[in-house]
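The values are calculated or read from the model by the stated rules, or taken from the named source; none is laboratory data. Given the structure is predicted, the values throughout are model-derived calculations rather than measurements. All Cβ positions, glycine included, derive from the backbone under ideal geometry; neighbour counts span all protein chains shown.
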Amino acid sequence: MKRPRMNPNSTPTKQAKSNAGNGHLALDPKALEAAKHSLDDGAVTPHFGPWREDIIKLLNDSLATELVCVMRYKRHHFTAVGLASPAIADEFLVHANEEMAHADKLAQRIVQLGGEPDFNPQTLTQRSHADYNGETDLKAMIRTNLIAERVAIEAYSQMIDLIGDKDPTTRRLIESILEQEQEHADELSDWLEK
């Protein structure tokens, strides 16, 4: 896959600054013209500027986190035992499926940005913000998953701050994933209190 290379000197930030001085809002005609070219770049236009590679790295690390969470939730789904285990195991499966959907959306966004999603199993746990473990105690499983959700919430919150208005599409994606991670944490916290 050809990786687009954007010229940092063609970012709209420079045009926006020059427009800010004259008190007018205006589109950058040079950036609009540049968008007509380099069609192999797909959705990546000069607007993405020098931070595109950093955003792709953040997304790939989040992809690793989601994949590790899928594997941990799946293991816990199949190994949960105890009085409340059927309901909790079902909840783990729901969370695993939702985490997989997050991973798919992250991978899709990486490709849209001209990057390559990193599914390398040998480095997943090193790149993941969350840990994988093989807990067998039901309470410990819930606690481990709650910790992972809290770590994901923190990571996604920081990503939203870092990305800011540099990439509104990625920011909205991260915000939607963050919302679901917060729901997961609330559900796990409720189970932990039972």
Check: charged (D, E, K, R), touching a helix residue (DSSP H, G or I) at 6+ places or on another chain (Cβ under 6 Å) and touching a residue at least 24 places away in the same chain (Cβ under 8 Å): does that describe Glu116?
Finding: no
Check: Are there any pairs with C-beta distances below 7 angstrom linking a residue in segment 157-183 that is under 24 Å from Val94 (Cα atoms) to a residue that is of a type in the set (Phe, Trp, Tyr), with the two at least 6 apart or on different chains, and if so which?
Finding: Ile174/Tyr156; Ile177/Tyr156; Leu178/Tyr156; Glu181/Tyr156
Next item on the list: Just give me the residues in segment 67-89 being without any contact (Cβ under 8 Å) to a residue 12 or more places away in the chain and under 15 Å from Asn145 (Cα atoms), in sequence order.
Entry: Phe78
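Among the helices (runs of 4 or more DSSP H) lying completely within segment 97-194, list those that include at least 3 residues that are surrounded by fewer than 18 Cβ atoms within 10 Å (Cβ to Cβ) and among the basic types (Lys, Arg).
138-163
Would you confirm, using the coordinates I've provided, whether Asn60 is surrounded by fewer than 17 Cβ atoms within 10 Å (Cβ to Cβ), at pLDDT 95 or above and assigned to a helix (DSSP H, G or I)?
When the stated conditions are applied, Asn60 does not pass them.
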